[in-house]
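Following: one structure in structure tokens, then a few remarks.
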Amino acid sequence: MAQASQPQWLTPEEREQLLPELKAAGWGEVEDRDALFKEFSFKNFNQAFGFMTRVALQAEKLNHHPEWFNVYHKVQITLLTHDCGGLSKKDVKLAKFIEQAAASIN
């Protein structure tokens, strides 16, 4: 059985093309890590947990799981691809889904 290819870091050209849209949506680069971070705020815990559930289901489908932290109505998310040790297209794809999920709740 052939193994799936390992995710590759985003090239400088891909970063120029893909990251500005995410940065405009509030994602920031993490200091000392090749990762993206964003904090989301919701009206209450139920909305935050519902958001996390939607993201978790999509993350399972993509086999790409975020680092996250939740307290009451806030959810902090860090994205990076552990297999390549930095940002990959998987992170961009999941970040775009996360933005859609958050917009549908707020």
With the requirement that a residue be touching a residue at least 40 places away in the same chain (Cβ under 8 Å), crowded, with 21+ Cβ neighbours inside 10 Å and closer than 21 Å to I105 by Cα, what does the stretch 69-83 give you? I77, L79
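Residues are listed down the side, and each one gets a yes or a no for (1) modelled with pLDDT of 95 or more; (2) touching a Gly at 6+ places or on another chain (Cβ under 6 Å); (3) among the polar types (S, T, N, Q):
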| residue | (1), (2), (3) |
| --- | --- |
| W9 | no, yes, no |
| D34 | no, yes, no |
| V55 | yes, no, no |
| K74 | yes, no, no |
| H82 | no, no, no |
Given (1) without any contact (Cβ under 8 Å) to a residue 12 or more places away in the chain; (2) open to solvent by 90 Å² or more (accessible area, probe 1.4 Å); (3) over 13 Å from the mean Cα position of the chain (by Cα), where does F49 come up short, assuming only one miss? (1)
Tell me which residues, restricted to the stretch 3-20, are touching a residue at least 24 places away in the same chain (Cβ under 8 Å), in a helix (DSSP H, G or I) and open to solvent by 50 Å² or more (accessible area, probe 1.4 Å). R15
When you check V30 against the structure, is it open to solvent by less than 30 Å² (accessible area, probe 1.4 Å) and not polar (S, T, N, Q), yes or no? no
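The values are calculated or read from the model by the stated rules, or taken from the named source; none is laboratory data. What you see is a predicted model, and the numbers here were worked out from it, not measured in a lab. No Cβ is skipped: glycine too gets one built from the backbone with ideal geometry, and neighbour counts run over all protein chains shown. Surface areas here come from the heavy atoms of the whole protein model, side chains and all, with no ligands, DNA or RNA. Shrake-Rupley method; radii C 1.70, N 1.55, O 1.52, S 1.80 Å.
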